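S.K.: Below you'll find the structure I mean.
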Amino acid sequence: MTAASAKNPLQKVWEALRLDASMETPCPFAFSKTKPIPGSWKCFTSDLAIPFWHIHAPGAKQSEIRKVSSGISAENFMLLADLGEASLLVMKTFGKGKGEKPLFKPLRKPEDYEEAANVLRKFDLKSDDLLAHASLQAAKELLEMTAELNALVARHYGLSREELAVILDSFASFEEDPELENLEEIKWSDTLMRKFNGEVRRRVMRYFDSFGNISETEAA
């Protein structure tokens with residue numbers, strides 16, 4: 001661990017994304033429907049394969065960041081909000097169908113940042129392949145990452161196993177297709193997305209069970 005990452009746990013996320021401060025470009029909050037944005041907030045973007053924003057919002061509440069992210073029209077995106085004492089990672093990737101809400105991952109403790117970094121470093125988010133064609137290995141990793149993120153969100157929101165099962169079962173349009181992993185190349189389409197979501201759903205409970213219990217304080 002470097003001295004920088006020891007002082008700033010957010011550094012772990014930057015390293016996982018293969019980014020550093022020099023790669024950031026200031027940008028307006030053009031994606032947000034929320035008015036007004038506090039003058040102390042600053043927004044930056046970086047060159048990733050999906051739209052990415054880094055928001056400096058000292059003292060902001062997670063609910064404010066959620067409201068800002070609700071104005072994002074991009075089908076896939078990532079937003080990282082630095083709140084000062086904590087951070088919030090917002091992701092909407094291939095595992096979330098059009099119109100579905102993004103995943104929210106609160107980052108408070110050093111282990112939260114490490115956990116997020118472990119998930120993010122599995123993928124090359126600077127590669128355009130994530131937006132077009134995915135190799136067999138990349139597709140498998142996307143399936144696992146999305147299932148893991150869904151399970152993490154369920155744990156952090158304090159859902160019971162039974163409650164999560166009800167939510168997963170409510171998505172009737174998802175289709176399971178174990179043969180999806182055997183494809184040599186994936187070209188995304190509505191049909192394939194439904195199958196992808198179905199395969200993600202099939203994996204979520206395994207991750208959920210592996211995480212164990214999260215205290216009410218952590219889940220709040």
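S.K.: Would you tally the net charge around residue 43, using a Cβ to Cβ cut-off of less than 12 Å, leaving residue 43 out, and scoring K and R as +1, D and E as -1?
M.R.: -1
S.K.: Å³ per residue of the Cα convex hull, for the range 1-86?
M.R.: For the range 1-86, the hull spanned by Cα atoms encloses 101 Å³ per residue.
S.K.: So, one more: Where Lys and Arg each count +1 and Asp and Glu each count -1, what net charge lies around residue 114 among other residues with Cβ under 13 Å from its Cβ?
M.R.: That sum, taken over residues with Cβ under 13 Å, equals +1.
S.K.: If you don't mind, another one. In nm, what is the difference between 0.36 nm times the number of residues separating residue 74 and residue 118 and their Cα-Cα distance?
M.R.: Roughly 13.4 nm would be gained on extension.
S.K.: Using a Förster distance of 25 angstrom, determine the FRET efficiency expected from the C-beta separation of residue 86 and residue 23, and round it to 0.05.
M.R.: So the FRET efficiency works out to roughly 0.60.
S.K.: Determine, from the Cβ-Cβ distance of residue 162 and residue 141 and an R0 of 35 Å, the FRET efficiency 1/(1 + (r/R0)^6), rounded to the nearest 0.05.
M.R.: The formula returns an efficiency of 0.75 here.
S.K.: Turning to a different aspect of this structure: Evaluate E = 1/(1 + (r/R0)^6) for residue 42 and residue 177, where r is the Cβ-Cβ distance and R0 equals 45 Å; express this FRET efficiency to the nearest 0.05.
M.R.: After rounding, the FRET efficiency stands at 0.55.
Read-outs throughout are calculated quantities, based only on the coordinates presented, and are distinct from any laboratory measurement. Computed from a predicted structure; not experimentally measured. When we count neighbours, we look across all protein chains shown, and the Cβ atoms used for this are built from the backbone with ideal geometry, even at glycine.
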